[in-house]
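Let me begin by presenting the structure, written as structure tokens, before commenting on it.
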Amino acid sequence: MAPAGTGGRRYDPERRQRIIDAAIRVVGAKGIAGLSHRSVAAEADVPLGSTTYHFKTLDDLLVAALRQANEGFVPVPDVDDPDLAGALARLLGQFLTADRARAELEYELYLAALRRPALRPVAAEWSESVSAALARRVDPQTARALVAVMDGISLQVLLTDTEYDEPCAREILTRVLAGGSGPAGV
């Protein structure tokens, strides 16, 4: 029997987090199209009403999932590395090769913002944080260009199912840096 005053509900402080984790697993297994309150409730092993209590809409749930995915996304680069292009290429390689399924999941959540405006501010958080870190070393336009190139390389690798080519990525990033402030790699 539930304790008096709980209305029959069991206190479960981790339920919201379990729902977010379940949403990420559902998207990883079935894609955004497979996401529903019902599929997440089944995956989290919680009543359907719990998912709608914590997340009124699927967009609310996707925002929470994308925010959590952003936390595990590529860490902010070491902008003090003398070979900035090399540091960025290595970082990108770590992201794309350590856990490809996770990289695909994170990009699927990121790209969901194209059709779901509620996700756009969260999708922009990562690129803005990396751009801000890079802007400590290069001008803001070059910082944004580096982030855009890294996104493009990531998408090409993920969409074409090709191996990540770190030397090629380093060369491309070096060329972007050469067009920015200062010589390449500085």
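The values are calculated or read from the model by the stated rules, or taken from the named source; none is laboratory data. Fair warning: this is a prediction, and the values are worked out from it, not measured in the lab. Cβ coordinates were reconstructed from backbone atoms using ideal geometry, including for glycine residues, and neighbour counts include every protein chain displayed. Surface areas here come from the heavy atoms of the whole protein model, side chains and all, with no ligands, DNA or RNA. Shrake-Rupley method; radii C 1.70, N 1.55, O 1.52, S 1.80 Å.
Could you please find all residues in the range 149-167 being part of a helix (DSSP H, G or I) and open to solvent by less than 60 Å² (accessible area, probe 1.4 Å)? Listed by number, the residues that qualify are 149, 150, 151, 152, 153, 154, 155, 157, 158. Residue under question is residue 25, and the condition is that it be modelled with pLDDT under 95 and closer than 21 Å to residue 108 by Cβ; does it hold? When the stated conditions are applied, residue 25 passes them.
Given the residues 111, 96, which is the only one that is surrounded by 18 or more Cβ atoms within 10 Å (Cβ to Cβ), part of a helix (DSSP H, G or I) and under 13 Å from the mean Cα position of the chain (by Cα)?
Within the list 111, 96, the selection yields 96.
So which of 175, 120 is basic (Lys, Arg), open to solvent by 60 Å² or more (accessible area, probe 1.4 Å) and closer than 22 Å to residue 82 by Cα? Step by step, each of 175, 120 is checked, and only 175 is basic (Lys, Arg), open to solvent by 60 Å² or more (accessible area, probe 1.4 Å) and closer than 22 Å to residue 82 by Cα. For the condition in contact (Cβ under 8 Å) with a residue 40 or more places away in the chain and within 26 Å of residue 117 (Cβ to Cβ), residue 63 qualifies. When 160, 142 are checked against the criterion of being among the β-branched types (Val, Ile, Thr) and in contact (Cβ under 8 Å) with a residue 24 or more places away in the chain, a single residue qualifies: 142.
Within the range 140-155, does at least one residue satisfy the condition of being of a type in the set (S, T, N, Q) and over 20 Å from residue 103 (Cα atoms)? Yes: one or more hits. For residue 130, the test of being modelled with pLDDT under 90, aliphatic (A, V, I, L, M) and open to solvent by 50 Å² or more (accessible area, probe 1.4 Å) is failed.
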